[in-house]
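Structure, as structure tokens:
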Amino acid sequence: MAPTVKVTVDPDHFMHTSGALDSVWTKHVPYSKIPSFPKLQQDIETDVLVIGSGISGISIAYELVRQGTKVTMIEARDMLSGETGRTSGHLASDLDDGYTEIAKKHGKDGARLAAESHQWALERVGAISKELGIECEYRTLPGYNFSQFTHGTKEHDDDIKEILEDMKAAQEAGLDVKYLEGYALKGWDGKPDQRDAIKFENQATFHPTKYLVGILDWLKNQPNFQAFTRTRAAEISEKGVTVPVVDIHLGAKDVRVKTDDGLTITAGHVVEATCIPLQLLSIVAELEYNRTYCIAIRIPKGVVEDCLFYDSAEQYKYVRMTERDEKDDYMVVGGCDHAVGQEDEWDERYKELETWTRERFPQAGSVDYKWSGQIMEPVDYMGYIGRNSGSQRVYVVTGDSGNGLTHGVLAGKLISDMILGNPNPWEKLYDPRRRGPNIAKVLPHMLKHNVQVNMQYKRFFQSDIQDVEDLGLEKGGVLNSKTSKPIAVYKDADGKVHKLSAVCPHMHGVVCWNDSEKSWDCPVHGSRFSKDGKQVCGPCNVNMHPVEQSDLTTPPQS
């Protein structure tokens with residue numbers, strides 16, 4: 001059945017979300033229903049400034065506000081315009097990287113704390129939604145891990161052995177998980193036979209934007225909360241002296257944040273809940289940046305078990321159900337990850353997800369939504385939540401590793417505890433400044449990753465198009481030659497040509513055109529920009545430059 005997906009052409013669309021394609025969550029919560037806030041017009045002071053309005057920022061604000069702290073939140077675009085609105089909605093302690101690998105990097109105690117913190121987070125969503133009376137489809141349900149291979153083959157048997165090994169590590173980490181030999185999911189009536197599964201109890205799911213809109217509605221009515229949208233943080237400065245050897249910052253009593261309009265926000269503490277912190281390297285260099293894809297396909301109500309499930313492929317498929325109407329639900333199917341800006345087969349990714357689903361669930365109907373999102377993978381599998389390197393009053397939340405929803409909710413607890421001076425057992429595990437033995441364990445992978453990143457500078461000598469006339473309507477490409485600057489060229493629906501410098505302002509990579517989401521994506525550190533050059537995802541924190549502002553004609557020396 002042919003997809004009915006529509007691409008939004010609203011010129012202000014990228015202020016609402018980070019791609020041209022809308023996620024399934026907009027069906028019941030269109031952008032018009034998300035709470036709005038004014039733009040900052042003057043210098044202000046606050047106890048805590050939270051930069052970013054996704055699930056991390058909103059969770060941190062909620063935990064602090066309910067304890068009496070004065071919180072200000074700013075967002076560069078509109079509320080919920082980042083990756084939270086483009087997630088698949090899984091709430092899982094069945095972590096993507098697996099407890100076998102987590103224990104290798106962080107020990108059994110680290111694996112136990114990882115399980116404990118994510119389990120706490122998924123249960124916290126249920127508690128808050130009940131406390132505030134938010135109807136967000138929250139429900140606890142099982143999660144299943146299946147082999148990617150056909151039952152009865154040697155590949156399947158070998159794969160199950162690895163899955164059982166990870167089950168044992170998850171059990172040692174304290175999770176309720178067991179093996180179900182011969183288990184076949186209800187509704188999986190198609191030909192691929194992948195039965196046998198491990199089952200994680202007490203997982204959960206919800207409608208992420210319904211939940212967060214409910215919290216924002218509560219926050220708006222609190223006297224110790226205020227928020228400003230279309231207010232971009234351009235610079236963060238914490239006065240004092242940094243002692244590099246012990247990574248301690250002395251002397252600062254507050255932090256000053258400059259906006260791109262030149263205003264100043266003075267805060268006792270600042271939290272960068274922005275997917276990627278505002279810095280050139282450090283943490284940025286320890287992350288991998290991937291695009292991930294989702295479809296929402298109709299399925300008759302009650303036909304498929306309401307659960308979370310995953311296969312074991314490297315670019316694995318992940319599945320959950322969400323409400324559509326009285327007749328059908330949506331099966332949300334995701335996967336097909338790849339490095340940002342390093343592939344141009346977007347339609348094939350969506351087709352792969354659809355084919356995979358129809359082969360297993362022949363009852364499936366039309367694909368009504370398709371979209372993509374961004375995942376930040378830390379080299380040692382644990383996200384970075386805590387004080388930024390060299391800071392005492394600036395905190396970061398990044399590196400979600402595919403578990404961004406629980407990651408953001410646990411950040412609410414951890415960051416609020418740190419600001420309020422409460423001890424928290426998770427602090428060391430998620431410390432952004434962690435080094436030492438863990439670096440030795442991941443060094444080969446980091447070196448390989450850095451080589452791969454540096455290879456992306458080859459685009460300084462490549463051209464996507466030879467002439468502007470090569471472009472169709474609503475298409476983009478980089479025009480380049482060895483004697484000219486790389487130029488990002490976009491031709492709009494009316495045939496008007498728009499030109500920008502193709503050099504990413506962050507670390508000077510040459511951007512690539514993403515025709516699926518109508519965006520410019522940087523293959524070096526994953527920064528993304530709208531078709532007209534507005535920044536929509538860091539680490540870059542400014543818009544693309546006009547052509548005349550770029551004087552780079554060769555790649556930077558690395």
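The values are calculated or read from the model by the stated rules, or taken from the named source; none is laboratory data. Model, not experiment: these values are computed from the prediction. Note that each Cβ is placed from the backbone with ideal geometry, even for glycine, and that neighbours are counted across all protein chains shown. The protein model used for the area step is the full one, side chains on, heavy atoms only, and it has no ligands, DNA or RNA in it. Shrake-Rupley method; radii C 1.70, N 1.55, O 1.52, S 1.80 Å.
Considering only residues that are among the aromatic types (F, W, Y) and out of contact with any Lys or Arg (no Cβ under 6 Å at 6 or more places or on another chain), which ones fall in region 464-520?
The initial filter retains those residues of region 464-520 that are among the aromatic types (F, W, Y), namely 490, 513, 520.
Result: W513, W520.
Out of I74, I134, I need the residue that is closer than 22 Å to H207 by Cα, in contact (Cβ under 8 Å) with a residue 12 or more places away in the chain and buried (at least 18 other Cβ atoms within 10 Å of the Cβ). Which one? It would help to see each step written out before you state the result.
Values: I74 fails: closer than 22 Å to H207 by Cα.
The conditions single out I134.
The single condition among (1) under 17 Å from W218 (Cβ atoms); (2) surrounded by fewer than 24 Cβ atoms within 10 Å (Cβ to Cβ) that E45 does not satisfy is (1). In the set (1) at positive phi; (2) within 11 Å of the chain's Cα centre (by Cα); (3) not in a loop (DSSP other than H, G, I, E, B), G402 fails one condition alone, (3). At least 1 residues being among the β-branched types (V, I, T) and crowded, with 21+ Cβ neighbours inside 10 Å is the threshold, and among the strands (runs of 3 or more DSSP E) wholly inside region 482-523 those reaching it are 487-491. Of the strands (runs of 3 or more DSSP E) entirely within region 160-235, those holding at least 2 residues that are open to solvent by less than 10 Å² (accessible area, probe 1.4 Å) occupy 197-205.
Return yes when S129 is open to solvent by less than 20 Å² (accessible area, probe 1.4 Å), hydroxyl-bearing (S, T, Y), in contact with an Asp or Glu (Cβ under 9 Å, 6 or more places away or on another chain) and within 19 Å of T292 (Cβ to Cβ) and no when it is not.
On the way: open to solvent by less than 20 Å² (accessible area, probe 1.4 Å): yes; hydroxyl-bearing (S, T, Y): yes; in contact with an Asp or Glu (Cβ under 9 Å, 6 or more places away or on another chain): yes; within 19 Å of T292 (Cβ to Cβ): no.
Spelling it out, it is not the case that S129 is open to solvent by less than 20 Å² (accessible area, probe 1.4 Å), hydroxyl-bearing (S, T, Y), in contact with an Asp or Glu (Cβ under 9 Å, 6 or more places away or on another chain) and within 19 Å of T292 (Cβ to Cβ).
Taking the criterion of being outside any loop (DSSP other than H, G, I, E, B) and among the acidic types (D, E), the residues of region 37-74 that qualify are E45, D47, E63.
The lone criterion from (1) open to solvent by less than 40 Å² (accessible area, probe 1.4 Å); (2) at pLDDT 95 or above; (3) touching a His at 6+ places or on another chain (Cβ under 9 Å) left unmet by E238 is number (2).
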